Amino acid sequence: MSNVIKEFSRFAHQYNQHNEIQAQVAKTLVSKLPNKEHFKSILDLGCGSGAVVKNLQEEAYVYDTFTAFDSSKAMLEIHPSSEKITKVCGDFNHRNFLETLPFEEYNLLLSASALQWSTDLDQIFSLLSKVSTTAYFAIFTSGTFRTLHSLAGVSSPIYKTEILKNTIEKYYKDVEFELHSYTLSFDSVREMFRYIKKSGVSAGEKKLGFKETKRLMESYPLDYLEFEVLFVEAKM
């Protein structure tokens with residue numbers, strides 16, 4: 001099991017208490033869809049606890065089938081269930097992950113706050129471009145935790161915006177990008193670090209030692225964390 005999967009599974013039961021930014025991202029992603037269109041089949045890649053499907057339901061979107069795909073069984077357990085929803089546990093970093101899906105093609109592909117953990121961007125977008133001709137992605141970029149990483153002297157574990165754009169444009173003919181910035185304020189730096197640990201946004205990162213973490217907490221100059229998300233509308 002990868003470090004990313006372990007991290008999300010470990011705090012799955014607390015995830016909805018610590019995912020304020022991810023919830024905003026999912027809401028924004030759904031707001032970009034065609035107005036109240038009826039979708040025959042939807043694939044939500046990296047569905048987590050179900051923020052995307054909840055927003056679809058709140059906005060009265062209609063779909064016949066919804067495939068909720070996630071690497072964490074614990075997340076899928078708390079994801080909404082219905083006769084229309086099929087839950088699939090798997091790792092999208094595996095080349096054959098498409099074989100685990102109930103359909104070969106989907107009318108709509110959605111992915112919010114997941115694809116930044118892809119280990120091979122070319123592989124994942126090559127596969128995704130074949131599973132649906134219409135896709136909406138929201139991907140955290142290396143601008144997330146920019147100040148924190150700079151002070152710690154570490155590189156972001158996720159991709160730069162330009163790398164994401166260049167890769168996506170290889171596999172989709174019609175692409176639109178929007179870069180959004182978010183901040184999340186905290187009453188204390190300790191509370192901030194607790195959020196980082198339990199929210200999942202640090203999944204897979206190299207962990208700092210106790211002394212390094214303490215020094216970072218003492219020197220961090222902001223009362224908020226920075227997030228940067230690339231929203232993508234991609235069509236073939």
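The values are calculated or read from the model by the stated rules, or taken from the named source; none is laboratory data. It should be emphasised that the depicted structure is a prediction, and the values quoted were computed from it without experimental measurement. Don't worry about glycine lacking a Cβ; one is built from the backbone with ideal geometry, like all the others, and counts go over all protein chains shown.
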* Asked: Just wondering, is there one or more residues in the stretch 35-42 that are in contact with a strand residue (DSSP E or B) (Cβ under 7 Å, 6 or more places away or on another chain) and assigned to a helix (DSSP H, G or I)?
  -> no
* Asked: So, of the residues in the stretch 71-89 that are surrounded by fewer than 16 Cβ atoms within 10 Å (Cβ to Cβ) and of a type in the set (Gly, Ala, Ser), which turns out to be nearest to ILE158 (Cα to Cα)?
  -> SER81
* Asked: Among the listed residues LYS54, LYS27, which satisfies the condition of being more than 21 Å from ALA234 (Cα to Cα) and part of a helix (DSSP H, G or I)?
  -> LYS54
* Asked: With respect to THR86, is the statement that it is over 17 Å from the mean Cα position of the chain (by Cα) and modelled with pLDDT of 95 or more true?
  -> yes
* Among the listed residues LEU121, LEU148, LEU127, which satisfies the condition of being among the hydrophobic types (A, V, I, L, M, F, W, C) and closer than 21 Å to ILE21 by Cβ? -> LEU148
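Per-residue answers, yes or no, for (1) at pLDDT below 95; (2) surrounded by 16 or more Cβ atoms within 10 Å (Cβ to Cβ); (3) within 28 Å of LYS173 (Cβ to Cβ); (4) not hydrophobic (A, V, I, L, M, F, W, C):
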| site | (1), (2), (3), (4) |
| --- | --- |
| ASN55 | no, yes, yes, yes |
| ASP64 | no, no, yes, yes |
| PRO102 | no, no, yes, yes |
| GLU105 | no, no, yes, yes |
| ALA114 | no, yes, yes, no |
| LEU127 | no, yes, yes, no |
| SER132 | no, yes, yes, yes |
| THR141 | no, yes, yes, yes |
| LEU148 | yes, yes, no, no |
* Evaluate the following for ILE158: is it under 15 Å from the mean Cα position of the chain (by Cα) and in a helix (DSSP H, G or I)? => no
* Asked: Any idea which of SER81, SER49 is assigned to a loop (DSSP other than H, G, I, E, B) and either at positive phi or modelled with pLDDT under 95 (or both)?
  -> SER49
* Asked: Within the stretch 159-173, is there a residue that is surrounded by 14 or more Cβ atoms within 10 Å (Cβ to Cβ) and at pLDDT below 95?
  -> no
* Evaluate the stretch 175-191: report whether one residue or more is more than 30 Å from LYS130 (Cα to Cα), at pLDDT below 90, of a type outside the set (A, V, I, L, M) and in contact with a Leu (Cβ under 9 Å, 6 or more places away or on another chain). => no
* To do: Examine the stretch 108-115 for a residue that is on the phi < 0 side of the Ramachandran plot, touching a residue at least 24 places away in the same chain (Cβ under 8 Å) and either in a helix (DSSP H, G or I) or among the hydroxyl-bearing types (Ser, Thr, Tyr) (or both), and state whether such a residue exists.
  => yes
* Could you say whether any residue in the stretch 136-145 is in contact (Cβ under 8 Å) with a residue 12 or more places away in the chain and out of contact with any strand residue (DSSP E or B) (no Cβ under 8 Å at 6 or more places or on another chain)? -> no
* Which of (1) crowded, with 18+ Cβ neighbours inside 10 Å; (2) at pLDDT 95 or above; (3) not β-branched (Val, Ile, Thr) does PHE8 not meet, given it meets every other one? -> (2)
